[in-house]
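Undergrad: Starting off with a structure, shown below.
The values are calculated or read from the model by the stated rules, or taken from the named source; none is laboratory data. Because the structure is predicted, anything quoted here is derived from the model rather than measured. Quick reminder, even Gly has a Cβ in these numbers, built from the backbone with ideal geometry, and neighbours come from all protein chains shown. In case anyone asks, the SASA skips ligands and DNA or RNA and just uses the protein heavy atoms, side chains included. Shrake-Rupley method; radii C 1.70, N 1.55, O 1.52, S 1.80 Å.
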Amino acid sequence: MLLNKALMNSLAICLVATMQVRAGGLSVVVTFGDSAASQVNTAPKGYYELLREALEKKGGAWEVYNVGGMGFTSSTALSNLRKVLEYKPAITILHLGLGDATPKMVDKRYEPIVFLERFVSNYTAVVRALKASGTRVILATPYYLPWTEETRKIYTAPPFKPGDRDGLNAILVRYVEAIRAIAKSEQVELVDVHDIMRKGNGPAKAGWKFMYDSMRLNAAGHKLIADKLAEVIRKAPPSAGKTVIPGVKGGD
């Protein structure tokens, strides 16, 4: 998708302003995407708030803002790019996919809110626009969804598989895989939250280590993501052509 002239002008202005903010010693971070970053009444603080605290423990002046919320999709992100650029972020964390993959029943089968092809197109356009602005782009995959007794009763139709530990992620995993592929093709950093949480959780039941319920993070989940992001941010950005994927592997 080509950026129009007006958007390109905005990106150029943002790049200059971002350089000025960095020169002033204040680093601005924006978490951009669905409700994963928000507190949503499941924890005292969302991970974007915990991220600032984690970064400041290691020194420096940081401001972290959240752009997004419940029901946020890649289509919504495209229309909200200007809000991100207004913060003149040195770093932007793109956390999308959960809203796009949210299931809806169509002809006795569940389908995503935003189909995968459209998601890939939207997501790639957002990544390229952010890169053009001069912000350091870090992608975060959606978190892993565990089964509960309640969700096993709700999601019984295809493509969900209640008997499979990973069955609630039947739609979501395709979006996770797409984000991993985009990180490589666009040569940007990736924090694979989905993989980290899947490996770190125990048996599939309510009250998992990182989850408030099957769809929302608890305090431990928010802290886990904040700490992983802080770890990557504090490191120097990889050289061109390298992708850092904590929890999976090093640079490609």
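Undergrad: Give me the distance in nm between label points sitting 7 Å out from Cα along the Cα-to-Cβ direction at SER185 and GLU149, one decimal.
TA: Spacing of the two 7 Å Cα→Cβ label points: 4.4 nm.
Undergrad: List the extent of the Cα atoms of the stretch 42-162 along each of their three principal axes, largest first, rounded to whole Å.
TA: Principal extents (largest minus smallest coordinate, Cα): 51, 32, 17 Å.
Undergrad: Rolling a 1.4 Å sphere over the protein heavy atoms, what is the accessible area per residue of the stretch 22-114, to the nearest Å²? List each step's numbers first, then the result.
TA: Values: 4160 Å² over 93 residues.
Per residue, the stretch 22-114 has an accessible area of 45 Å².
Undergrad: Right, another one. Compute the signed sum of charges (Lys and Arg +1, Asp and Glu -1) over the other residues within less than 13 Å, Cβ to Cβ, of LYS58. Let's see the in-between values first.
TA: Values: positive: ARG52, LYS57, ARG234, LYS235; negative: GLU53, GLU56, ASP227, GLU231.
In short, 0.
Undergrad: Using the structure shown, list the pairs from LYS199/LYS223; LYS153/LYS199; LYS83/LYS131; LYS108/LYS161; LYS199/LYS228; LYS45/LYS223 with a Cα-Cα distance above 20 Å, or answer none. All intermediate terms of the calculation are to be shown ahead of the outcome.
TA: On the way: LYS199/LYS223 16 Å; LYS153/LYS199 25 Å; LYS83/LYS131 15 Å; LYS108/LYS161 14 Å; LYS199/LYS228 14 Å; LYS45/LYS223 9 Å.
The answer is LYS153/LYS199.
Undergrad: Now for a different question. According to a simple spin-label model (label point 7 Å from Cα along Cα-to-Cβ), what is the distance in nm between LEU116 and GLU86?
TA: Roughly 3.6 nm, to one decimal.
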